[in-house]
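Written out below as structure tokens is the structure these notes cover.
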């Protein structure tokens, strides 16, 4: 009986798969992935442009950019980006609320599973 149970355990056991290797990024960031605006005047929007180069063997497409709140707007290169060409993500922070801020921006490319993470920070003063 015990032998039958052991055989069933081995029969239905799921095989352990080796971890998948970390995929190489499809872009190289020309600018830093973090930008500190420093001190901003309240009510005056500020903009920063993150720039990157396609280092993938194929043409890539920047599918979408997701910001962490409505205070941050994004525009990006919407045309296909050939190997070696540059693209950009333009971020505008509205500086409506006073105080410190630290926002993450997720950038999704069609040839990469995980998003690239950008970050903006600063302090809004009156």
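Derivation of every value follows stated rules applied to the coordinates shown; laboratory data play no part. Just so you know, these numbers come straight off a predicted model, no measurement behind them. Note that we place each Cβ from the backbone using ideal geometry, even for glycine, and neighbour counts take in every protein chain shown.
Kindly evaluate residue 60 against the criterion of being surrounded by 13 or more Cβ atoms within 10 Å (Cβ to Cβ) and more than 14 Å from the chain's Cα centre (by Cα).
Working: surrounded by 13 or more Cβ atoms within 10 Å (Cβ to Cβ): yes; more than 14 Å from the chain's Cα centre (by Cα): yes.
Against the criterion (surrounded by 13 or more Cβ atoms within 10 Å (Cβ to Cβ) and more than 14 Å from the chain's Cα centre (by Cα)), residue 60 qualifies.
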Notebook entry, point to check: Looking at region 83-95, which of its residues are under 16 Å from the mean Cα position of the chain (by Cα) and either surrounded by fewer than 16 Cβ atoms within 10 Å (Cβ to Cβ) or without any contact (Cβ under 8 Å) to a residue 40 or more places away in the chain (or both)?
Noted result: 88, 90
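Filter region 30-57 down to the residues that are more than 28 Å from residue 123 (Cα to Cα) and over 18 Å from the mean Cα position of the chain (by Cα) and list them by number.
Taking region 30-57 first, the residues more than 28 Å from residue 123 (Cα to Cα) are 53-57.
Matches in region 30-57: 57 only.
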Note to self: Looking at region 68-82, can you tell me whether even one residue there is within 12 Å of the chain's Cα centre (by Cα), closer than 26 Å to residue 39 by Cα, touching a residue at least 40 places away in the same chain (Cβ under 8 Å) and surrounded by 12 or more Cβ atoms within 10 Å (Cβ to Cβ)?
What the structure shows: no
Next item on the list: Tally the residues that are more than 18 Å from residue 120 (Cβ to Cβ) and assigned to a strand (DSSP E or B), restricting the search to region 65-86.
Entry: 2
